[in-house]
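*Asks:* I have a structure I would like to understand better, so I am pasting it below and will then ask my questions one at a time.
The values are calculated or read from the model by the stated rules, or taken from the named source; none is laboratory data. Owing to the predicted nature of the structure, the values given are computational and were not obtained by experimental measurement. Backbone-built Cβ (ideal geometry, glycine too); neighbour counts: all protein chains shown.
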Amino acid sequence: MVHTRYSIIAPIFNEEGNIDLLYERISQILNSTGETWELILVNDGSRDHSPQMMDDLAAKDSRVKVLHFARNFGHQIAVTAGIDHASGDAVVLIDADLQDPPELIPEMIERWKAGYQVVYAVRSKREGESWFKVWTAKLFYRVINQITAIDIPVDTGDFRLMDRRVVEVLKAMREHSRFIRGMTSWVGFKQTGVNYVRAQRHAGETKYPLRKMLKFAADAITGFSFWPLQVMIYFALGLGILALLAIVVVSVLRVVYGPDFFGGQATTIVLLLLVSSFQLFFLFVLGQYVARIYDEARARPLYVIAQRTNLEPAASSGESVG
Ligand code: UDP
Ligand code: MG
């Protein structure tokens, strides 16, 4: 069997207007590298003519490989299936709607050959997307970077090239709610970006309605941050301090204006604040245990080794191949 140098992965959900042109542009660009390649098309439960078109391409060109999902599993899962099946030394993720120009791939390859293990594409400009989409995307990346420990480059999508070593680590990360650009950042190694202008969709409509965008954002946040569980401690402390202040203020007022000041309300308010504070505090504690269970259940590799000197890979450890 011929060794594959480059694997290109494109998820397909009802992209009948784009598949042929995608194949044409990708094969032209990849042929010009003079090296071997494969194009893995993952049909994510398409209901248009895409499946047939994909099979036709595969029949015509054996470098086109096709996976058909039994139903729609979502973009991130489709990309994952492609990664699992890719055999190239470098793997490129690309959208099928030609918003990501295949012409950028040679530049990514160049960086990869210069020693970078991840080359992500940075959208320096977006064409033909609503201000709502652009604005929510910007906000999203800024929030994500504030509340997570890893740095996800601003304005990047999944369009990226990854070295085989990064791919092997990703394959070991089997979490169900997947946020692939965050997972690639998490892996580490040497990463760099190349700029591009994000084009308009060649044909068809976006397959990411608001509902899917929200789920995507939720997956990103819950997958990489325990902040929503941790923020409770601030509310608990805030309410607790309010309760203490209320006790002091009411005591002083009662000393000055007599014991009937505020009637019975003061006791109720103070108790309400105190009890809420306690409840939030123990919810926070509970959250910390939930976070740990989640962390264990996700079973990510404990660390990723980039290089070894005078050492063989350890036989049994939480280590991921490097
Ligand atoms: N896609 C997919 N499954 C889905 C939604 C989208 O495989 O459930 C694919 C889609 O065919 C395209 C890529 O993911 O190749 C990006 O989707 P889209 O262009 O609709 O997203 P947008 O660019 O609008 O964010
Ligand atoms: Mg698109």
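*Asks:* Tell me, yes or no, whether segment 118-127 has at least one residue that is among the aliphatic types (A, V, I, L, M), in contact with a Lys or Arg (Cβ under 8 Å, 6 or more places away or on another chain) and at pLDDT below 90.
*Replies:* Our first condition is that a residue be among the aliphatic types (A, V, I, L, M); within segment 118-127, this holds for 118-119, 121-122.
When the remaining residues are screened for being in contact with a Lys or Arg (Cβ under 8 Å, 6 or more places away or on another chain), the result is 118-119, 121.
In the following step, the residues that additionally are at pLDDT below 90 were identified as none.
No, segment 118-127 contains no residue that is among the aliphatic types (A, V, I, L, M), in contact with a Lys or Arg (Cβ under 8 Å, 6 or more places away or on another chain) and at pLDDT below 90.
*Asks:* Hey, could you check segment 205-245 for residues that are crowded, with 18+ Cβ neighbours inside 10 Å and of a type in the set (A, V, I, L, M) and say which is nearest to ligand 1 (Cβ to nearest atom)?
*Replies:* Ala220
*Asks:* Report, ordered by the first and then the second residue, all pairs with beta carbons closer than 7 Å, sequence separation of six or more or different chains, a first member in segment 58-84 that is closer than 18 Å to Lys207 by Cα and of a type in the set (A, V, I, L, M), and a second member that is more than 16 Å from ligand 2 (Cβ to nearest atom) and at pLDDT 95 or above.
*Replies:* Taking only residues 6 or more apart or on different chains, the pairs are Ala78/Phe69.
*Asks:* Please tell me if Ala78 is within 8 Å of ligand 1 (Cβ to nearest atom), part of a helix (DSSP H, G or I), at pLDDT 95 or above and surrounded by 19 or more Cβ atoms within 10 Å (Cβ to Cβ). Can you show your working first?
*Replies:* On the way: within 8 Å of ligand 1 (Cβ to nearest atom): yes; part of a helix (DSSP H, G or I): yes; at pLDDT 95 or above: yes; surrounded by 19 or more Cβ atoms within 10 Å (Cβ to Cβ): yes.
Here the answer is yes, as Ala78 does meet what is asked.
*Asks:* So which residues in segment 123-148 are crowded, with 17+ Cβ neighbours inside 10 Å and under 13 Å from Val194 (Cα atoms)?
*Replies:* Within segment 123-148, just Arg123 meets the criteria.
*Asks:* Within segment 166-177, does at least one residue satisfy the condition of being free of Cβ contacts under 8 Å to residues at least 40 places away in the same chain, within 16 Å of ligand 2 (Cβ to nearest atom) and either surrounded by fewer than 17 Cβ atoms within 10 Å (Cβ to Cβ) or not charged (D, E, K, R) (or both)?
*Replies:* no
*Asks:* Continuing with this model, one more query. Could you go through segment 137-147 and let me know if any residue there is out of contact with any strand residue (DSSP E or B) (no Cβ under 6 Å at 6 or more places or on another chain), part of a helix (DSSP H, G or I), away from ligand 1 (no atom under 16 Å from the Cβ) and among the polar types (S, T, N, Q).
*Replies:* Scanning segment 137-147, I find at least one residue that is out of contact with any strand residue (DSSP E or B) (no Cβ under 6 Å at 6 or more places or on another chain), part of a helix (DSSP H, G or I), away from ligand 1 (no atom under 16 Å from the Cβ) and among the polar types (S, T, N, Q), so the answer is yes.
*Asks:* Also, quick follow-up: Taking the condition of being within 22 Å of the chain's Cα centre (by Cα) and over 19 Å from Met162 (Cβ atoms), how many residues in segment 53-88 meet it?
*Replies:* Total satisfying the criteria: 5.
*Asks:* Residues Asp56, Asp61: which one is surrounded by fewer than 17 Cβ atoms within 10 Å (Cβ to Cβ) and touching a helix residue (DSSP H, G or I) at 6+ places or on another chain (Cβ under 8 Å)? Break it down stepwise before answering.
*Replies:* Numbers: Asp56 fails: touching a helix residue (DSSP H, G or I) at 6+ places or on another chain (Cβ under 8 Å).
Of the residues listed, the single one that is surrounded by fewer than 17 Cβ atoms within 10 Å (Cβ to Cβ) and touching a helix residue (DSSP H, G or I) at 6+ places or on another chain (Cβ under 8 Å) is Asp61.
*Asks:* Continuing with this model, one more query. Please go through (1) β-branched (Val, Ile, Thr); (2) closer than 21 Å to Ala306 by Cα; (3) surrounded by fewer than 21 Cβ atoms within 10 Å (Cβ to Cβ) for Val119 and return the number of the only condition it doesn't satisfy.
*Replies:* (3)
*Asks:* Evaluate the following for Val122: is it among the β-branched types (Val, Ile, Thr), within 16 Å of ligand 1 (Cβ to nearest atom) and touching an Asp or Glu at 6+ places or on another chain (Cβ under 6 Å)? Outline the logic, then answer.
*Replies:* Details: among the β-branched types (Val, Ile, Thr): yes; within 16 Å of ligand 1 (Cβ to nearest atom): yes; touching an Asp or Glu at 6+ places or on another chain (Cβ under 6 Å): yes.
For Val122, the condition - among the β-branched types (Val, Ile, Thr), within 16 Å of ligand 1 (Cβ to nearest atom) and touching an Asp or Glu at 6+ places or on another chain (Cβ under 6 Å) - is met.
*Asks:* Considering every residue within segment 30-43, establish whether at least one is in a loop (DSSP other than H, G, I, E, B) and either among the charged types (D, E, K, R) or surrounded by 23 or more Cβ atoms within 10 Å (Cβ to Cβ) (or both).
*Replies:* Step one: list which residues in segment 30-43 are in a loop (DSSP other than H, G, I, E, B), which gives 32-36.
Going one step further and asking which of them are either among the charged types (D, E, K, R) or surrounded by 23 or more Cβ atoms within 10 Å (Cβ to Cβ) (or both), we end up with 35.
Yes, the conditions are met somewhere in segment 30-43.
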